[in-house]
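The values are calculated or read from the model by the stated rules, or taken from the named source; none is laboratory data. Note that the structure is predicted; figures quoted are calculated from it, not measured. Neighbour counts are summed over all protein chains in view; Cβ atoms, including those assigned to glycine, are modelled from backbone coordinates with ideal geometry.
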Amino acid sequence: MSELRFEVSDPSSKLATELLRQFKTEVNDRYPDELVRDIDIDDFIHRGGVFLIIYNGQEVAACGAFYPLSKSEIELKRMYVLPDYRGKGIARRLVAHLEDIGRKQGYSKMLLETGRRQPEAIGLYLSEAYHEIDPFGQYVNDPNSICFEKHL
């Protein structure tokens with residue numbers, strides 16, 4: 001694997017739109033009985049969200065994002081590693097990089113939601129010192145959601 005490059009990107013760009021489409025397709029395959037919520041890109045940008053793309057050389061390897069929930073909390077969103085790059089520690093590095101950006105911007109807590117049918121994501125978050133919390137926001141009544149937080 002070449003040197004990984006982390007790049008903050010416009011979430012409305014053609015590449016970001018394609019990555020979000022791939023993410024949504026995969027999640028829809030795991031949860032065919034549920035509606036996958038889209039990100040409101042204008043709201044995401046207005047709130048100061050950060051969309052990050054990881055490149056391996058010139059190839060796209062992964063993406064992830066966060067957006068502010070409050071002055072102290074951010075929510076991790078749209079973690080997606082392309083299939084050819086899975087199992088190589090890229091998701092772990094992506095989470096750490098997003099946490100670092102959040103910390104530098106003055107946030108003290110990262111929250112996230114993932115699905116109960118995503119054991120690899122749950123394992124990643126638990127191994128990165130996230131702990132399970134009660135569902136928050138739009139996830140409160142979603143039986144497939146599991147929520148986590150970590151103090152930055």
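Summary of values
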item	result
Flag if F51 is aromatic (F, W, Y), in a strand (DSSP E or B) and either more than 21 Å from S9 (Cα to Cα) or free of Cβ contacts under 8 Å to residues at least 24 places away in the same chain (or both)	no
Filter result (out of contact with any helix residue (DSSP H, G or I) (no Cβ under 9 Å at 6 or more places or on another chain), not hydrophobic (A, V, I, L, M, F, W, C) and not in a loop (DSSP other than H, G, I, E, B)) within region 86-101	R93, H97, E99, D100
Matching residues, region 12-25, being part of a helix (DSSP H, G or I) and either closer than 15 Å to A61 by Cβ or among the polar types (S, T, N, Q) (or both)	L15, A16, T17, E18, L19, Q22, F23, T25
Some residue of region 91-98 being touching a residue at least 12 places away in the same chain (Cβ under 8 Å) and farther than 22 Å from E128 by Cα	no
Qualifying residue in region 64-79 (condition: under 21 Å from T114 (Cα atoms), without any contact (Cβ under 8 Å) to a residue 12 or more places away in the chain and assigned to a helix (DSSP H, G or I))	no
Number of positions in region 123-145 that are within 30 Å of N56 (Cβ to Cβ) and either in contact with a strand residue (DSSP E or B) (Cβ under 6 Å, 6 or more places away or on another chain) or part of a loop (DSSP other than H, G, I, E, B) (or both)	4
Within region 1-20, tally of residues that are surrounded by fewer than 11 Cβ atoms within 10 Å (Cβ to Cβ) and modelled with pLDDT under 95	2
Pairs, first in contact (Cβ under 8 Å) with a residue 24 or more places away in the chain in region 135-146, second in a helix (DSSP H, G or I) and among the β-branched types (V, I, T), C-beta under 7 Å, six or more apart	I146/I122
Matching entry among I74, I53, I41 (being in contact with a Pro (Cβ under 9 Å, 6 or more places away or on another chain) and farther than 21 Å from K150 by Cβ)	I41
Hits in region 26-46 - residues which are part of a loop (DSSP other than H, G, I, E, B) and either in contact (Cβ under 8 Å) with a residue 40 or more places away in the chain or exposed (fewer than 13 other Cβ atoms within 10 Å of the Cβ) (or both)	Y31, P32, D33, E34, L35, R37, D38, D40
